[in-house]
Amino acid sequence: MSSLPSLLSDRIFGVTGIDPELRPATKPQFGHYQTNVALRLAKSEGQSPREVATRIVARLEVADLCEPPEIAGPGFINFRLRTEVLAEAITDQLADPRSGMSSTQQPQTVVIDYSAPNVAKQMHVGHLRSTVIGDCLHRVLAGVGHHVIAQNHIGDWGTQFGMLVEQILDEGVEASALTLPEAEALYARGSAHFRSDADFAERARRRVVALQSGDEQTRTIWQQLINVSLAGFNAAYERLGVLLTDDDLDGESTYNDDLPQLVDTLEADGTAVIDDGALCVFVDGFTAPMIVRKRDGGFGYAATDLAAIRRRVRDFGADRIVYVVDSRQSDHFEQVFLVARKAGLLPDAVATEHVAFGTVLGLDGRPFKTREGTAVTLYDLLDAAEEEAAPPIALAAIKYADLSNGLNKDYVFDVHRMVQTTGNTGPYLQYAHARMTQVLRKAEAEGYGEQTKVMVLEEPAEQALALLLTRFGDVVDEVAETLQPHKLCAYLYDLSGALAIFYEQCPVLKAEGIVRESRLAMCAVTKRVLATGLTLLGIEALERM
Ligand code: ARG
């Protein structure tokens, strides 16, 4: 099903030969859609924009869709869809099992790298944001028909494991019996021990070598640490209601065997050079080179990311690779992408995007900390929200707060505001959905079924709501393309606002005949668009609140 704006867009393109870049009108008096195509063409055509606009309008055949187009200001062309056309679109949307969400004509294989917590550490706020944003992008991209491969690139390798294993042996604890918070406490004790005791530090270093060379006892304890951590991560994923499963795990350690060969190739073809004992790739514009092999022979975070790109391109056939990681790693990813291109691991046809997000701030405007001054865990946030609202509402509040701001911005974790059912919040959207559910339930009890064929949309509030409903598919497409969930949030918020006005100005259950049928159909489509939209955000569309 093609959306009304894309139909209109195609017609304009037929006359102008360039993309009209149709935009929703900014004010109701400008109609429903606007294009500045005449302004863009004026120069090359040697005419004033208004003259060009006049010519375009004269040749444009859109009478079946719109009122006669109007030329405004310096040469904008404004379109107002005909009411019957809008009504028909809503009838179609009611019959459409996808509620107007489109299916892509060009399905891609998209790898999304998200969540990626570290073993023996609890998920902190950054991992929570990555998990929530990644889950939304996963749902949106899969929803429009792409093949999504989720990748949980957990931090399950590195020199810290020498220290961890050595501390476990020192304390004589049974690693498999630890909980994740206990493993984290052990991590802290191990780090302190490492700093204060030179003998322990030396043993920890030897333990790294034992781990790397596959010493059985060391590997067993390492694996136990992973298992207790995964149990903790999975409990968190379950509480969050996200799509990630163990099948999506491809931790750093899974690249170990790839690294020596990969790095050798970089050295052999001259991409990487030895500098001060370390193997480095120098990239223009960066103050520091990328270190692919450290002086001690170990490989690091960056080398692993190169191997991950290779696997994703070569083995998974990725067309697009998306990294949902906090913005402090922007330089890292920029460098990794450049090096991967330079090394021939990343063909031009494969897009890589770092979806960077900002920090969660406390009410004091500083990075959010617990009362004890430690980093806030996922559970602290959820517990705080659940003090104010029931679990599915608290979760909606947190997720929506994470998704509704421009991702790059830091945002203030104001739990009291986030759980309100008024204002731009997740619970407000849930409430709009629950309200429509109630209305339809009442109507159904009185015999209403979704069988409306002809609709009437006479009231401005009905038309405004209908116009928004027809935009749903385009908004989802835009999020799939730009990876900006806040656009879907803003849309659903606007939709809920238009719904509230409609509901206030147009009696539904008290109306009669075809008007009642039409308004119930509007309620039904709105409910479904809200439900689909909320589900894409990873938020539960509650039936009652
Ligand atoms: N484990 C890392 C961290 O906590 C994030 C990994 C992100 N993904 C990646 N491919 N580097 O910072």
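The values are calculated or read from the model by the stated rules, or taken from the named source; none is laboratory data. What you are looking at is a predicted structure, and each value in this text was computed from that prediction instead of being measured. Backbone-built Cβ (ideal geometry, glycine too); neighbour counts: all protein chains shown. Each accessible area value is taken on the protein alone, full model and side chains, heavy atoms only, with ligands, DNA and RNA left out. Shrake-Rupley method; radii C 1.70, N 1.55, O 1.52, S 1.80 Å.
The table below lists the values:
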read-out	value
Scan of the stretch 30-47 for residues that are open to solvent by 30 Å² or more (accessible area, probe 1.4 Å) and part of a helix (DSSP H, G or I), ordered by number	Phe30, Leu39, Arg40, Lys43, Ser44, Glu45
Subset of the stretch 15-29 (residues that are assigned to a helix (DSSP H, G or I) and either open to solvent by less than 60 Å² (accessible area, probe 1.4 Å) or touching a Gly at 6+ places or on another chain (Cβ under 9 Å) (or both))	Val15, Thr16
Within the stretch 348-467, helices (runs of 4 or more DSSP H) holding 1 or more residues that are surrounded by 15 or more Cβ atoms within 10 Å (Cβ to Cβ) and touching a residue at least 60 places away in the same chain (Cβ under 8 Å)	378-386, 391-404, 426-445
Yes/no for Thr532 being open to solvent by 20 Å² or more (accessible area, probe 1.4 Å) and farther than 14 Å from Gln438 by Cα	yes
Lone qualifier among Ala401, Ala397, Ala375 - being out of contact with any strand residue (DSSP E or B) (no Cβ under 9 Å at 6 or more places or on another chain) and aliphatic (A, V, I, L, M)	Ala397
Search result, residues across the stretch 62-92 that are in contact with a Lys or Arg (Cβ under 8 Å, 6 or more places away or on another chain) and touching a residue at least 60 places away in the same chain (Cβ under 8 Å)	Leu65, Thr91
Flag for Leu345 being assigned to a loop (DSSP other than H, G, I, E, B) and open to solvent by 10 Å² or more (accessible area, probe 1.4 Å)	yes
Condition check for Asp269: within 28 Å of the chain's Cα centre (by Cα), open to solvent by 20 Å² or more (accessible area, probe 1.4 Å) and in contact (Cβ under 8 Å) with a residue 60 or more places away in the chain	no
Test for Ser196: is it farther than 26 Å from Thr254 by Cβ and hydroxyl-bearing (Ser, Thr, Tyr)	yes
Extreme residue, least open to solvent (accessible area, probe 1.4 Å), among residues of the stretch 63-120 that are part of a helix (DSSP H, G or I) and hydroxyl-bearing (Ser, Thr, Tyr)	Thr91
Members of the stretch 82-95 found to be over 12 Å from Thr470 (Cα atoms) and of a type in the set (D, E, K, R), listed by number	Arg82, Glu84
Residue match in the stretch 222-230 (condition: under 24 Å from the mean Cα position of the chain (by Cα) and of a type outside the set (Asp, Glu))	yes
Meets criteria (under 22 Å from Thr352 (Cα atoms), out of contact with any Cys (no Cβ under 6 Å at 6 or more places or on another chain) and surrounded by fewer than 22 Cβ atoms within 10 Å (Cβ to Cβ)) for Arg295	no
Residues satisfying the stated conditions in the stretch 337-356, i.e. more than 12 Å from the ligand (Cβ to nearest atom) and under 25 Å from Pro485 (Cα atoms)	Ala349, Val350, Ala351, Glu353
Residue match in the stretch 240-263 (condition: more than 12 Å from the ligand (Cβ to nearest atom), part of a helix (DSSP H, G or I), in contact with a Lys or Arg (Cβ under 9 Å, 6 or more places away or on another chain) and closer than 30 Å to Leu536 by Cα)	yes
Count of residues meeting criterion [within 12 Å of the ligand (Cβ to nearest atom), open to solvent by less than 30 Å² (accessible area, probe 1.4 Å) and under 21 Å from the mean Cα position of the chain (by Cα)] in the stretch 306-336	10
Single residue of Ser130, Ser176 found to be part of a helix (DSSP H, G or I), among the polar types (S, T, N, Q) and away from the ligand (no atom under 12 Å from the Cβ)	Ser176
Considering residues of the stretch 50-62 that are in contact with a helix residue (DSSP H, G or I) (Cβ under 7 Å, 6 or more places away or on another chain) and open to solvent by less than 90 Å² (accessible area, probe 1.4 Å) only, the residue nearest to Ala142 (Cα to Cα)	Val62
Filtered residues of the stretch 136-155 (kept if in a loop (DSSP other than H, G, I, E, B), open to solvent by 10 Å² or more (accessible area, probe 1.4 Å) and out of contact with any strand residue (DSSP E or B) (no Cβ under 6 Å at 6 or more places or on another chain))	Gly145
Residue under evaluation Gly158, criteria (1) open to solvent by 10 Å² or more (accessible area, probe 1.4 Å); (2) outside any loop (DSSP other than H, G, I, E, B), criterion not met	(2)
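Here's the yes/no breakdown for (1) modelled with pLDDT under 95; (2) surrounded by 13 or more Cβ atoms within 10 Å (Cβ to Cβ); (3) not β-branched (Val, Ile, Thr):
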residue: Ala198; (1), (2), (3): no, no, yes
residue: Val228; (1), (2), (3): no, yes, no
residue: Leu240; (1), (2), (3): no, yes, yes
residue: Ser253; (1), (2), (3): no, yes, yes
